[in-house]
1. For residue 90, list the aspartates and glutamates whose Cα falls under 19 Å from its own Cα; do not include residues on the same chain fewer than 8 positions away.
2. On a straight-distance basis, which aspartates and glutamates could pair with residue 178 in a cross-link, Cα separation under 14 angstrom, same-chain partners fewer than 8 positions away excluded?
3. Taking only the alpha carbons of the chain, what extent do you get along each of the three principal axes, in Å, biggest first?
4. Strictly over 32 Å apart at the Cα level, which of 115/253; 115/204; 181/220 would you flag in this model?
5. Which translational diffusion coefficient, to the nearest whole µm²/s, is obtained for segment 47-201 from the Stokes-Einstein equation, given a Kirkwood hydrodynamic radius over C-alpha pairs, 37 °C and 0.692 mPa s?
6. Given a 10 angstrom Cα cut-off, can you work out which residue in 134, 59, 158 is the most mobile in a GNM of the chain?
7. Can you give the Rg to Rh ratio of segment 147-280, both from alpha-carbon atoms, with Rh computed by the Kirkwood formula?
8. In whole Å, how far is the Cα centre of segment 34-102 from that of segment 216-293?
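Coordinate-derived values only; no laboratory data. In this text, all values refer to a predicted model and were calculated from it rather than measured experimentally.
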Amino acid sequence: MASKLVRRNLLFAPQKRTLKSSALRSSIPWLRKSTPSLNWGYNGSECDPEDWPNEYQCGNCQSPIDIDLSKVTYSSELTPLEYSYPDKFKYMVNDGKNIRIHWRGETALSGGPLKGTYELVQLHFHWGSAVGKGAEHLVNGESVEGEAHLVHWNPKYGSIREALNHQDGCAVVGVFLKEAKTDAESPLSPILKRFPTLSKFNEKYTFENDVFNVGDLIPKGSEFICYDGGLTTPPLTECVQWIVNLEPLVVSKEEMDVFRSLEGSFGHNFIDNFRPCQPVGNRVVSSSFEPEK
Ligand SMILES: [Zn+2]
């Protein structure tokens, strides 16, 4: 405890002063044009998840959460997700904390809790160093090894920057990655094969003729839960309609190890890039299914 206090109060205090002023510009991957901030990170970084609330404004709608299946509220108004993700990508980049994949062309997501149609901005992942951790959302207190996030925005707001000011400004579809013994390649295989070209911080891969069907990442017919939440990375803005699929995508150990081999901002592997769960509070977690008794 003492060493933690020393670290926070003395070593990194100047860093924290500069962080706040540049927080918005430096923290939203799809807004920034320049080299990303190295300030915030995960365990062992200059500003780890327990420090984030001191640096960024947090309300009562933070993410991720632990999904208690006995406390969800069935909603007959939730319709199946409908999506169209044409096979048109721009690039993938190792930003030191994640791998992000960006799109060009028209995309569309509707259904679930969404009013209107959202457009895909990017896809990224969270993963752990070992079996039993890595996903951001938990289910009944349990974790799996990873979680893919398909980040969409609501074009009715005219710009992504404006969408961030509204609780329904973004929609993120979460898909769990569960490590299991399998010889089958997962739908992630086409991009995982390119990850060696992204193994170091700031490396980028520009798509050419790669075939990668993003819609295959979403388990067909999966039950899902929805709730009002926020970005799970700084600036933690509460602008997200979360849609978390309960059926995982099965991924082999070899495929998860490709994630675990990536190098981050500080030269070592970046793993355990997930935020701990936040209080559900008074929020309703709605479900496409009847809750467990
Ligand atoms: Zn994410």
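1. Hits, sequence-local ones excluded: 106, 119, 203, 208, 210, 216.
2. Residue 178 reaches 136, 142, 145, 147, 247, 254, 255, 257.
3. 53, 46, 41
4. Numbers: 115/253 38 Å; 115/204 35 Å; 181/220 21 Å.
Among 115/253; 115/204; 181/220, the Cα-Cα distance tops 32 Å for 115/253; 115/204.
5. On the way: Rh = 17.7 Å.
Diffusion coefficient, whole number: 186 µm²/s.
6. With Cα springs under 10 Å in the chain, the top fluctuation among 134, 59, 158 is at 158.
7. On the way: Rg = 16.3 Å, Rh = 16.7 Å.
With Rh from the inverse mean 1/r over Cα pairs, Rg/Rh is 0.98.
8. The two parts, judged by their Cα centres, are 7 Å apart.
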